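Reviewing the structure listed below.
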Amino acid sequence: MEERLSKLLSRYGVASRRQAEEWIKAGRVTVEGVPAQLGQKADAATEAIAVDGVPLTKTPPKRCLMLYKPRGYVTTLSDEQGRPTVSDLVKDCGFRLYPIGRLDLNSEGLLLMTNDGDLANHLTHPSHEVEKEYQVRVTGPVQRALPLLRQSIEIDGERVRGAQIHVIRTKADSTLLSFVITQGKNRQIRRMCKAAGLTVHRLRRIREGTIRLGDLPAGKWRWLTEDELCSLREEP
């Protein structure tokens with residue numbers, strides 16, 4: 001049965017639909033040896049489909065792990081500048097996995113990685129509004145900033161929803177805040193804090209949906225349990 005290539009690759013667990021579309025545009029996907037076009041349909045049962053020359057042969061087991069991404073690693077599988085990537089940290093897992101969402105170079109914490117395109121799409125699609133929780137250490141006028149951070153604000157011409165936010169603790173030189181957001185805009189929390197007059201010194205994601213970072217050490221990973229996977233798939 002023919003279906004859009006992006007959907008087909010997602011169903012096979014090769015990539016999310018969004019990532020598959022980028023690969024198609026980059027000429028990395030072929031059908032019967034011919035570079036595919038965006039929007040093209042194909043039948044995996046009767047046509048030879050390949051990504052980077054590697055044939056799509058069978059559905060791999062769908063796997064998902066949680067990684068504690070340290071600062072200094074980029075959330076990509078390869079980097080043109082030669083910087084360390086999250087794929088370096090999970091290269092011994094035995095599967096080609098893709099990050100679900102991103103954490104910027106200087107941020108750390110929970111990062112989910114999977115070869116299940118449908119799960120990745122479910123967790124990142126804006127309509128599902130999956131919660132992400134962060135601990136953020138800041139300096140600046142916190143009490144004045146809190147009302148701004150809790151309401152929808154425009155940053156660089158982009159409307160960003162307010163966060164659920166509270167103060168965890170205050171020290172003489174900094175304040176630790178808890179942020180809960182449902183969007184995944186680029187560097188969203190850092191941009192929000194800057195607009196509110198705060199300087200971010202450390203940003204750590206500790207939860208995505210029902211999955212918590214817990215006591216996983218920095219740079220380490222573990223497979224999600226079946227119960228954890230079920231709870232993720234049931235996220236609204």
If residue 79 satisfies every condition in (1) surrounded by fewer than 20 Cβ atoms within 10 Å (Cβ to Cβ); (2) of a type outside the set (Ser, Thr, Tyr); (3) part of a loop (DSSP other than H, G, I, E, B); (4) modelled with pLDDT of 90 or more but one, which is the exception? (4)
In segment 166-188, which residues are among the hydrophobic types (A, V, I, L, M, F, W, C), in contact with a Lys or Arg (Cβ under 6 Å, 6 or more places away or on another chain) and more than 15 Å from residue 199 (Cα to Cα)? 181
Can you list the helices (runs of 4 or more DSSP H) found entirely within segment 139-236 that contain at least 1 residues being assigned by TED's automatic domain parsing to the domain that holds residue 88 and of a type in the set (Asp, Glu)? 226-233
For segment 42-63, check the following and say yes or no: at least one residue is over 17 Å from residue 217 (Cβ atoms), in a helix (DSSP H, G or I) and within 22 Å of the chain's Cα centre (by Cα). no
Look at residue 87 and say whether it is at pLDDT 85 or above and assigned to a helix (DSSP H, G or I). yes
Exception for residue 106 within (1) touching a Lys or Arg at 6+ places or on another chain (Cβ under 9 Å); (2) surrounded by fewer than 16 Cβ atoms within 10 Å (Cβ to Cβ); (3) modelled with pLDDT under 90 falls at (3)
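The values are calculated or read from the model by the stated rules, or taken from the named source; none is laboratory data. Remember, it's a predicted structure, so these values are computed and weren't measured experimentally. Methodologically, a virtual Cβ is constructed for each residue, glycine included, from the backbone with ideal geometry; neighbour enumeration extends over all protein chains shown.
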